[in-house]
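Data first, discussion second: the structure below is written as structure tokens.
Read the figures in this text as sums done on the coordinates, not as results from a lab. Note that the structure is a prediction, hence the values are computed from the model and not measured. No Cβ is skipped: glycine too gets one built from the backbone with ideal geometry, and neighbour counts run over all protein chains shown.
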Amino acid sequence: MENFTGRIEKNFSLKDLTTWKIGGEARYVFFPIDRKDVEIAVSYAKRESLPYFVMGNGSNILAGDQFFDGVIINLKEGLKEKTVVNFFEDEIEIYLGAGNLVPEIIKFLIREELTGLEFLAGIPATLGGLLRMNAGAFDDEIMKFVKKINFYNPQRGFYSLPKEQVRFGYRRLEIDDGTVILGASMILKNGKRDEIKEKISSFIGRRKEKQPLDLPSCGSVFKNPEGSYAGKIIEELGLKGYQVGGAKISEKHANFIVNTGSASAKDVLTLIELIKQKAYLKKGIVLKEEVYYFNINKKVRAMVL
Ligand SMILES: Cc1cc2nc3c(=O)[nH]c(=O)nc-3n(C[C@H](O)[C@H](O)[C@H](O)COP(=O)(O)OP(=O)(O)OC[C@H]3O[C@@H](n4cnc5c(N)ncnc54)[C@H](O)[C@@H]3O)c2cc1C
């Protein structure tokens, strides 16, 4: 592809792009290096009349088992800008590109002695995905720290919006279909290196204690209903350890469905529907998925339902 500086793969398995290790092949995967590459990838898809889908580290995606005849634009190999933009009295404005993975962000925080985003430690995600999902943990969420977000879409081109002009809520940021998040300016505070490191290891320790990190998953499958925890509800339904094919409700944390080796998207969907039905019939609770469905075949979904 002319002028595209990143990597392009053909017939590439989504199993290698999602933390659940589930999914069929995609016709093309573009890994842009910079914003120009993003524009080229989108233009290519448009020109060829192929659907395109934007991904980060695939840690919140259930990808269908069948072929995706389109273009995946995967940001995890590029858009790695990390810069200090402005100093205020006790605050600092930074800019982070959407392709930065959490360990890269954490390294930057430690190097620059910046505090605020330590709660991200241990989430296997890119900044773009964290923003799209308004990811959160330990009573914090990423949108709290955002000043401005940069976007690209084929209708508007490159543009940026201050936080006041974007709509977001619990585990969601509203963006138009086909819009790519390119990066964000964020406001953090000056911190002390040792204290930042200590916070990070304490958060990672708490994750290891509670989460099944030895097997592929997407983290929490369901959003927490107001005033309650999805994991607790699923545990009370007696579903811990329940297995369909290669997909299993974790014994350690009931809101995690782990891939024991050969799980298909259909196995996971079957478990999700079982949990939703039991939660509703036995407790009157409507559980809603946090995980994002991509390329899930309608026929498969109908069979499961
Ligand atoms: C072990 C584990 C622990 C986890 N812990 C947490 C946690 O504590 N808190 C939490 O909130 N989540 C958690 N998650 C879920 C997941 O990591 C988050 O939802 C994360 O924000 C997803 O980021 P990603 O880069 O992997 O995005 P992906 O999974 O690749 O994509 C998620 C969604 O964002 C969209 N997207 C991604 N990048 C962009 C972009 N640049 N522009 C436009 N749209 C984009 C995709 O289209 C998709 O809709 C966990 C997951 C795992 C596996």
A chain fully extended from residue 43 to residue 243 at 0.36 nm per residue, minus the present Cα-Cα distance, gains in nm 67.7 nm
For the stretch 140-174 versus the stretch 226-241, the gap between their alpha-carbon centres in whole angstrom | 32
Find out how many positive minus negative residues lie around residue 129, taking Lys and Arg as positive, Asp and Glu as negative, among other residues whose Cβ is under 13 Å from that of residue 129.
-> +3
So the FRET efficiency between residue 283 and residue 144, C-beta based with R0 = 30 Å and rounded to 0.05, is 0.45
Using a cut-off of under 19 Å, list every residue of the stretch 108-138 whose amide N is near the label point 7 Å from the Cα of residue 87 along the Cα-to-beta-carbon line.
-> 108-116
Which FRET efficiency value, to the nearest 0.05, do you get for residue 228 and residue 302 by plugging their Cβ-Cβ distance into 1/(1 + (r/R0)^6) with R0 = 22 Å?
-> 0.15
Per 10 angstrom bin, beginning at 0 and ending with the bin that holds the maximum distance, the Cα pairs of the stretch 82-210 fall in percents of 12, 45, 32, 9, 1
Of the residues 22, 284, 102, the Cα lying farthest along the dipole of the chain towards its positive end, which is defined by charges on the beta carbon of Lys, Arg, Asp and Glu, belongs to 284
Give me the distance in nm between label points sitting 7 Å out from Cα along the Cα-to-Cβ direction at residue 176 and residue 262, one decimal.
-> 4.6
Calculate how many DSSP beta bridges within the stretch 22-150 are antiparallel, expressed in % of all such bridges and rounded to the nearest 5.
-> 50
With the Cα gyration tensor of the stretch 51-111 in hand, give its eigenvalues times 5 under a square root as the equivalent ellipsoid semi-axes, listed largest first in whole angstrom.
-> 33, 12, 9
Among 248/278; 107/163; 15/80; 199/288, which pairs are too far apart, with a Cα-Cα distance over 20 Å?
-> 107/163; 15/80; 199/288
As a Kirkwood estimate from alpha-carbon pairs, the stretch 230-304 has a hydrodynamic radius in angstrom of 12.6
Estimated D of the chain in µm² per second, where Rh is the Kirkwood radius over Cα pairs and Stokes-Einstein applies at 37 °C, 0.692 mPa s | 162
With a Förster radius of 35 Å, plug the Cβ-Cβ distance of residue 292 and residue 107 into 1/(1 + (r/R0)^6) and report the FRET value to the nearest 0.05.
-> 0.80
